[in-house]
Amino acid sequence: MKITTRDTPPRTAWALEQAGVHPLLARLYAARGIRSADELDDSLARLLPPQQLKGAADAAICLADALTAGQRMCVVADYDCDGATACAVALRGLKLLGARPDTLSYVVPDRAVHGYGLTPTIVDLAMAQRPDVLITVDNGIASLEGVAHARALGLRVVVTDHHLPALVNGEVVLPDADVIVNPNQPGCPFESKHLAGVGVMFYVLLALRAELRRRGAFEGASQPRLDTLLDLVALGTVADVVKLDANNRRLVAQGLKRIRTGRMHPGVAALFAAAGRRAERAGAFDFGFALGPRINAAGRLAEMTLGIECLLTDDPGRAAELAQRLDGINRERRSVEAGMREQAEALLERLMPAGDPPPAVALYDAEFHEGVVGIVASRVKDRVHRPTFVFARGQDGLLKGSGRSIPGFHLRDALDLVSKRHPGVLRKFGGHAMAAGCTVGEDDFVTFAQAFATVASEWLDDSLLARTVATDGPLEPQWFRPDVVQILEQEVWGQAFEAPVFCDEVEVVSQRIVGERHLKLTVRHAGTLREAIWFGHSDPLPERGRLAYRLSLDEYNGQQRVQMVVEALG
């Protein structure tokens, strides 16, 4: 493990501090590319305007026409947290803007039965709702056949998505939808290319409200407040692990502010309660590791309708019931995942007879559960620091794989190269740089695994294959205080704007195993004894070492103590 220290421009940190930013935050922000306090303004007025988002104005016209005519609109969702929150935002937003409840409906694919996206089968399922307009959320940009099928049936199709478009023979091909809203479509000038699916739908609603306002829909009345949807937008954005650029940080910050003051939807409040988390101290960590997994679990092991209904209900009792069901499914997901991880470990050992992993990893077992392959791929990737795909057999007999990558290896582009070198091996594929999915025949698995590893061996050098932990350097003793930890917890951290991790030389005074697999430590840091814990690590540490750690608050009997949570030993 290599521990590195982020570069912190001292003049920038000084300038931020002079502008009134907390001294420790000034240093952390400067190391993350913030150059002025103006960039830290998270007000709604600083959001990028919806006019920049290609297709948003056209989508607004299409939806305003449908709304005014009382036509039926059906939202086609995705089966993850981003898709669920985007669906809830779409339906709640359309209702806020005047759509009659009886004209709104939604469908969501079953992961095992229908697969991903707007397939012809899902279009047929949606037809039971007798829609005039289909609105995809968090999917659709690669649904060429599904969009064509919907258009052939006489439906208007509005695609809202954030994934990369489909590639056919290396060329970008867009579906023949009436409107496409996606910051990653060709020719879109929107500066934030990292909007989550829920963020794209929120922007469509902003554009729709502006269009309705232009048509005089709100004369004599105040226009609807779409900021009431920001708790859902924030949840979906963080849970989808998109890059937290300035625009996304503003969306998340606004959602967190609402939640901390109790202004949230009943489903969100119920999920906080089910997860045992305190909404008044809500942080991005809660979205990514407490609420998001509970919603995702429904799409992995049951039906995402449970998660969507939890976010749609206005009845606190109903929300609590659904949140408890989601919590139970998440516990089942953890059990399934634990079993699959053991199987994956055994498969890994066969791939690493000498202890060194191959350039890329592809694992398959007939007993793997399709709904959990992505989580297991992420765990394996974290362990061996290699691009990883994990496959399970789908109901159609084909292998459905979910992949996770490491910095410097674009997973979707790697799949594209595999498909060119081995035509027909990949039945379907798509995704991002860091996460992707694909389908292969069982007879083609070995071919895919070898081809995937070959691409990795060509693209990855020793510097990229070396596991590193980026830190913010030493932490001065004066900042080991509960109030400082609370200040850090209030900030918006996440993908590409990582939460602070510090590193210091310490003396290990005592160490013991707790909970069977966690290492509890007492260390001497800068002459002071401090408590530390390394979760999931049971090997003893040397008497002295350089620890990478983050700060947390350990609460016991009403007392708060600052604790070092160890991330790595350098």
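A short reminder: the numbers here are calculations on the coordinates, not readings from a lab. Keep in mind the model is a prediction, meaning the values are calculated, not measured. Neighbour counts are summed over all protein chains in view; Cβ atoms, including those assigned to glycine, are modelled from backbone coordinates with ideal geometry.
Normalised by residue number, the volume inside the convex hull of the Cα atoms of region 1-148 is 186 Å³ per residue. Taking amide H as placed 1.01 Å from N in the peptide plane, the amide H of Thr4 sits under 5 Å from that of Val469, Ala470, Thr471, each at least 5 places away or on another chain.
Pairwise inverse Cα distances across region 352-465, averaged and inverted, put the Kirkwood hydrodynamic radius at 13.8 Å.
Within the chain, the selection of entire DSSP H helices by a Cα span of 24 Å or greater along the long axis and an average Kyte-Doolittle value of at least -0.5 returns 197-214. A simple rule links phi to the HN-Hα coupling: the Karplus curve 6.51 cos²θ - 1.76 cosθ + 1.60 with θ = phi - 60°, which for region 354-364 gives 9, x, 9, x, x, x, 8, 10, 10, 10, 8 Hz, with x for Gly and Pro.
In this structure, the amide hydrogen of Ala362, modeled 1.01 Å from its nitrogen in the peptide plane, lies closer than 5 angstrom to those of Phe389, counting only residues at least 5 positions away or on a different chain.
I'd like the antiparallel share, as a percent to the nearest 5, of DSSP beta bridges with both residues in the chain. Show your work: numbers first, answer last.
Working: 51 of 78 bridges.
Around 65 percent of the beta bridges assigned by DSSP in the chain are antiparallel ones.
What relative contact order, as a whole-number percentage, does the chain give when Cα pairs under 8 Å and 6 or more residues apart are counted? Walk me through the numbers before you get to the answer.
Numbers: 1143 pairs, mean separation 70.0, N = 570.
Worked out over the chain, it gives 12 percent.
Express as a percent, rounded to the nearest 5, the fraction of DSSP beta bridges in region 105-256 (both residues included) that run antiparallel.
Working: 3 of 11 bridges.
In region 105-256, approximately 25 percent of DSSP beta bridges are antiparallel ones.
Rounded to whole numbers, the Karplus 3J(HN,Hα) couplings from phi for region 471-481 are 10, 9, x, x, 10, 4, x, 5, 8, 7, 9 Hz, using 6.51 cos²θ - 1.76 cosθ + 1.60 with θ = phi - 60°, and x at Gly and Pro. The HN-Hα couplings worked out from phi for region 535-547 by the Karplus form 6.51 cos²θ - 1.76 cosθ + 1.60 (θ = phi - 60°) are 5, x, 10, 10, 6, x, 9, x, 5, 10, x, 9, 9 Hz, whole numbers, x standing for Gly and Pro. Checking the Cα-Cα distances for Lys243/Lys428; Lys54/Lys420; Lys257/Lys520; Lys2/Lys193; Lys400/Lys420 against a 28 Å cut-off, the pairs over it are Lys54/Lys420; Lys257/Lys520; Lys2/Lys193.
Other residues whose C-beta falls under 10 angstrom from the C-beta of Gly437 contribute a net charge of +3, scoring Lys and Arg +1 and Asp and Glu -1. Distances between placed amide hydrogens fall under 5 Å for Tyr106 paired with Val75, all partners being 5 or more residues away or on another chain. For Phe535 and Asp102, the difference between the fully extended length at 0.36 nm per residue and the C-alpha to C-alpha distance is 150.9 nm.
Helices in the chain, meaning DSSP H runs of at least 4 residues, each add -39500 (n - 2.57). Divided by all residues, the mean residue ellipticity at 222 nm is -12000 deg cm²/dmol.
Peptide packing: for 458-466, 304-312, 127-135, 170-178, the average count of neighbouring Cβ atoms within 10 Å per residue gives the ranking 304-312, 127-135, 170-178, 458-466, highest mean first.
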